[in-house]
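Each value in this text was obtained by applying a stated rule to the coordinates, not by laboratory testing. Since this is a predicted model, take the numbers as computed values, not measurements. Reconstructed Cβ throughout: ideal geometry from the backbone, glycine too, with neighbour counts over all protein chains shown.
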Protein chains: 4
Amino acid sequence: MHIGLIGLGKMGASMRARLRENDVTVTGYDRNPDVSDVATLQDLIDALPSPKTVWVMVPSGAITKTVITEVSELLGTGDVVIDGGNSRFSDDFVHAALLAEKGIDYIDAGVSGGVWGQENGFALMVGGSAASVDRLMPVFDALRPTGPREESFVHAGEVGAGHYAKMVHNGIEYALMQAYAEGYELLAKRDDIIKNVPGTFKAWQRGSVVRSWLLELLVQALEEDPALTSIEGYVDDSGEGRWTIEEALANAVPVPAMSASIFARFESRQEDSPAMKAVAALRNQFGGHAVKSAE
Amino acid sequence: MHIGLIGLGKMGASMRARLRENDVTVTGYDRNPDVSDVATLQDLIDALPSPKTVWVMVPSGAITKTVITEVSELLGTGDVVIDGGNSRFSDDFVHAALLAEKGIDYIDAGVSGGVWGQENGFALMVGGSAASVDRLMPVFDALRPTGPREESFVHAGEVGAGHYAKMVHNGIEYALMQAYAEGYELLAKRDDIIKNVPGTFKAWQRGSVVRSWLLELLVQALEEDPALTSIEGYVDDSGEGRWTIEEALANAVPVPAMSASIFARFESRQEDSPAMKAVAALRNQFGGHAVKSAE
Amino acid sequence: MHIGLIGLGKMGASMRARLRENDVTVTGYDRNPDVSDVATLQDLIDALPSPKTVWVMVPSGAITKTVITEVSELLGTGDVVIDGGNSRFSDDFVHAALLAEKGIDYIDAGVSGGVWGQENGFALMVGGSAASVDRLMPVFDALRPTGPREESFVHAGEVGAGHYAKMVHNGIEYALMQAYAEGYELLAKRDDIIKNVPGTFKAWQRGSVVRSWLLELLVQALEEDPALTSIEGYVDDSGEGRWTIEEALANAVPVPAMSASIFARFESRQEDSPAMKAVAALRNQFGGHAVKSAE
Amino acid sequence: MHIGLIGLGKMGASMRARLRENDVTVTGYDRNPDVSDVATLQDLIDALPSPKTVWVMVPSGAITKTVITEVSELLGTGDVVIDGGNSRFSDDFVHAALLAEKGIDYIDAGVSGGVWGQENGFALMVGGSAASVDRLMPVFDALRPTGPREESFVHAGEVGAGHYAKMVHNGIEYALMQAYAEGYELLAKRDDIIKNVPGTFKAWQRGSVVRSWLLELLVQALEEDPALTSIEGYVDDSGEGRWTIEEALANAVPVPAMSASIFARFESRQEDSPAMKAVAALRNQFGGHAVKSAE
């Protein structure tokens, strides 16, 4: 199997490495010549055997759209494009239609695993035609961890299903992190009672109901910095979490834990909360409660 | 009508003033001799006609308990003690039993109105025996606003009902403030669209579905300081809000808006969030996402 | 002043009535000939003096778009169209651009007051050019309650500001209702303590911190049906609440109370919760906890 | 090592079995003679070598208190009592003091692992004196899973630390379950997109960021019943979740995801929501929105 891979950032580069370790031939292209295998997109396409397979691994939104449009002009009937980035599933319908005009098939692939994927393998959720998914199975098998295929790969449905599944995955991920984080604060707050916070988390790694990979990562972080003194409580969000809430709203699905998780991140990035200024102002008005003056 | 009033702080002093304006004779006692009408608690009791009525208006918890215990030793059968402070309703059962041993009746009164009560009147929720509530009606009528009695006074039930109702009132109050505060932040955030935030709130004072007294207070605050620049987003909580959530937990009542309101206050008081440190640490571990270093 | 009014449903009809009571001439058009003043849209336009003013009061989304498009073909330079429906503020930009092509000015007006507006007046938040807003002031003054103009009317900004303000107003409204509703459940749950739930709410109408128009409506509802036995706990949402959360997400504004309010409505409409099925299944798997069998 | 074990319910019985498999001698006592090894509590005590070790594994609250009181009368200086049940950590201080009067040492042990613990081992969090914890290490080692001790055992602090840690563990557990459950509902809702919900969860078991033991259990549940049609969305809570929120309130720790999880359970048990009746009534009052009549 020989595929083209566009986008050799953190994720793209480790995917290229893992694919090669597992005997998939990869020609990689990136705008950065230092990491690119070829000089131009045309070179990439020329290097591939037909039917050509191009895996796109670039930032979602405008950049993904541009790349897919460019690629669509270089490929033809029977070829296939896979979007493995974190695109919104609604973009998939647009991209699939664009490519279908030229007879190019489209697969959307949600990829989970982070920086550990190169070593451990990536979990894959894909959407698209059975024919293309079947043909690309050697690629998916090379990327995913060893073990039974169905424990790290799913053909979740037609176009869009892969990214929809990944979006939900990320919503869950946000809420899982929030769960451990609230627990961390509760343990750390009572240092008169709990004398060993990292050790308490560590003791949950085997046998406990809350054991998980995220727990292991938290233990690792706490072993490096037991009170997390070197880290500020400032947390970005990359968009998928918001999409999950938007989809929940569109479908009347209550997601109180997921939304709590994303609002906590918003708050973490505020120097001062306008809403809480308003509450402080109100308390001052009706109760004569003192307010803290901003300097 | 002639009653004793113990505790002449912000609330006690304005209640004394309003009672006197409405022809109730009040002998006030406070540990601070500058505001007290009499030198000692014994003097207060001696000044009252029988059956004696003592209204206690001191901080809830240990101080209220101490004062009620002291008073119980100076009063006797047929007298009545009213706790008008923000006591937890569960304390009422204890206090009522303590007083009942000496034949003293007990009334719990939830009082709402804040610093505006002296002028506007206070809303009253009371619990206890019909006999004592009826006998004290001139006091309640003097304290409450003009207008139909049932629009500012309720005999809500037996002992505990007054403070239970006040506790729920305060839980509602927290959530109402949070509602306006979230709206304020949404309006203020889009200053590219909304050019007049104070004016928008002000335009809701008549005719709109969200008109309320709290809205009027917010308008007042925004007229004094349109972007609330002088106020820090730091908000205390006085305990009743927490009790409301505890009661909700004890009775399996879902209170997501009330709990959101109190958690927002907790967050407002944190320099840095331990929970968000943990989330930042986790993202760093699995995704190589940069963390902000605490200096 | 003489304006045209398109859409004579519940809201449109009461606005027509209030305008006429306050000496604004109104020609109304509705697809339903029983309530319409004229037979066709063309008749409506023909009836108006120049510059012509057309107030659109139809369901937001596709219908509003269709009506505005039709109207744009019948009006010309110097005329003005007002969208007084519950449109999303982002639609305003589209509609304004569409009309601007023909020299027609556009005003967006958020209208609050519900079925009580005909009698009490409506609160108005408007966006658009100062020139048109000024020219239409007699219409706004006729619609709004008596009292100082700024307490029921705001020119909040350029096009979009009126509907943005109304959207936030409705987000607040959802959370206010949720606040009282949680309080209702807490009072009703402890009927061993609170013997008079309607009376407790009623006693908050004067003097209390939580007094509001919604509180008065709740008192009215409870006086008609003290335990709300005739009403099912099933609550629709009309869209604006969702938009508020979407805007909060887009602008990284935490809105935990507003989102709790909308999720509570979603839950109210579920026969059985798929999420809670999953939690029940999980508890059964790890703890052997019994599950309730669905019949 | 030879210990006494009081309480041979689901958890107690599997602990006895695991201890015996790992060469700890156990004399078990239960009020149910069918499962008890001895006829009376006195027999249990008599069977133990000195210093005597008694592990109590009975329902928390009144029953645990009664058992510990009874045991305190039969033991003496140098003996030790372990409470391995789900007691509130605040009870530990009372029990420790009670036993200390007779020179008996007290250890509190949080035990996680559910019905799978007998086979996999239990995760243990203990509080108490180092001397007793050290002496009892063979018991802890027999109960916990194989692997490094610190991955399934922690001596978290003095008396109370074990149950405090377990309480936080359960709060986390609630929120983790809620996270997966919200994800489940989002996947199941869009069956037009996601054609294989169980397969999607299964594909997260290896390589994904959200992999965990709870995920594996959910996969198992979905393999048995892919749409969970046989299970009602009705979820009990056993108390620890509530304590976690209460502790969060007492310590001003924001726990929005944990509280969302417990409120979701409360809602799952309501036939009809009183709060939502109130919201429906309000909407009907101000907007004339139709309500659903309860039959």
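Some observations on this one:
- Kirkwood Rh and Cα Rg combined as Rg over Rh, evaluated for chain A: 1.06
- Filtered GluC sites (Glu not before Pro), the range D:98-192: DSSP coil and at most 11 other beta carbons within 10 Å: D:GLU101
- Candidates C:LEU222, C:LEU186, C:TRP204 compared by Cα position along the dipole of the range C:167-279: farthest toward the positive end lies C:TRP204, with charges placed on Cβ.
- Largest to smallest principal axis extent of the C-alpha atoms in the range C:167-279, angstrom: 43, 36, 22
- When the Cα gyration tensor is reduced to axis lengths a ≥ b ≥ c, the ratio a/c is 1.5 or higher for the protein assembly as shown, and with a/b not above b/c it is classed as oblate.
- Closest-to-axis residue of chain A (Cβ criterion, axis taking A to D), whole Å: A:SER212, 2
- Euclidean distance between Cα centres, the range A:185-221 to the range D:210-259, Å: 18
- Dipole magnitude of chain A about its Cα centre (Cβ charges: Lys, Arg +1; Asp, Glu -1), debye to nearest 20: 700
- Column: log10 I(q)/I(0), Debye, Cα scatterers of the range D:108-175, q = 0.22, 0.24, 0.25, 0.26 Å⁻¹: -0.92, -1.06, -1.13, -1.19
- Residue-averaged 222 nm ellipticity for chain A, from DSSP H runs of 4+ at -39500 (n - 2.57), nearest 500: -15000 deg cm²/dmol
- Magnitude of the charge dipole, the range D:70-205, Cβ model with Lys/Arg +1 and Asp/Glu -1, debye to 20: 600
- Part-to-part distance (alpha-carbon centres) for the range C:1-76 and the range D:79-155, which is given in Å: 76
- Compared with the dominant Cα axis of chain B, that is its longest principal axis, helix B:240-250 is turned about 90°.
- Teacher prompt: D:VAL94 distances to equivalent labels in other copies, 7 Å Cα→Cβ, nm: 1.4, 6.2, 6.3
- Top of D:LEU75, D:LEU214, D:LEU136 by mean-square fluctuation, Gaussian network on chain D, Cα under 10 Å: D:LEU214
- Near the amide H of D:PHE153, within less than 5 Å, lie the amide hydrogens of D:LEU124, all on another chain or at least 5 residues away, with H placed in the peptide plane.
- Karplus 3J(HN,Hα) series, Hz, for the range B:112-128 with 6.51 cos²θ - 1.76 cosθ + 1.60 (x for Gly, Pro): 10, x, x, 5, 8, x, 4, 7, 8, x, 9, 7, 10, 10, 10, x, x
- Between copies, the label points of A:THR40, set 7 Å from Cα on the Cα→Cβ line, lie 6.1, 9.8, 10.5 nm apart, reported in increasing order to one decimal in nanometres.
- Close amide H partners of D:VAL56, meaning residues 5 or more places away or on another chain with modelled amide H under 5 Å apart, are D:ILE6, D:ILE82, D:ASP83, D:GLY84.
- Counting DSSP beta bridges with both ends in the range B:39-130, the antiparallel % (nearest 5): 40
- Shortest-first distances to equivalent copies, position D:SER238, nm, label 7 Å out along Cβ: 3.6, 4.0, 4.7
- Anchor A:LYS195: lysines whose Cα lies under 28 Å away (excluding residues fewer than 8 positions away in-chain): B:LYS277, B:LYS292, D:LYS52, D:LYS65, D:LYS102, D:LYS166
- DSSP beta bridge pairing in the protein assembly as shown, given as percent antiparallel to the nearest 5: 25
- Acute angle (nearest 10 degrees) that the helix A:62-72 long axis makes with the longest principal axis of chain A, alpha-carbon atoms: 10
- Per residue Cα convex hull volume in Å³ - calculated over the range A:1-122: 90
- Relative contact order of chain D, defined on C-alpha pairs under 8 angstrom at six or more residues apart (%): 12
- Think of the range C:82-217 as having a plus end and a minus end, set by charges on the Cβ of Lys, Arg, Asp and Glu; of C:GLY85, C:GLY114, C:GLY157, C:GLY114 sits farthest toward the positive end of this dipole.
- Reachable aspartates and glutamates, given that their alpha-carbon falls under 15 Å from the alpha-carbon of D:LYS189 and they are not under 8 places away in the same chain: A:GLU246, A:GLU247, C:GLU267, C:GLU271, C:ASP272
- Simple spin-label estimate for A:GLN220 and A:HIS2 in nanometres, 7 Å along Cα-Cβ: 3.6
- Cα-centred dipole magnitude for the protein assembly as shown, charges only on beta-carbon of K, R (+1) and D, E (-1), debye, nearest 20: 0
- Loop-located trypsin sites (Lys or Arg not before Pro) in the range D:22-76, at most 14 other Cβ atoms within 10 Å (DSSP): D:ARG31
- Cα long-axis angle, helix B:161-189 against chain B (0 to 90 degrees, to the nearest 10): 30
- Seen through its C-alpha gyration tensor, with square-root eigenvalues sorted a ≥ b ≥ c, the range D:144-215 comes out oblate because a/c lies at 1.5 or above while a/b is not bigger than b/c.
- Cα→Cβ-extended label distance, 7 Å offset, between A:LEU74 and B:THR146, nm: 8.4
- Cβ-Cβ distance of C:PHE93 and C:LYS195, R₀ of 45 Å, FRET efficiency by 1/(1 + (r/R0)^6): the value works out to about 0.25.
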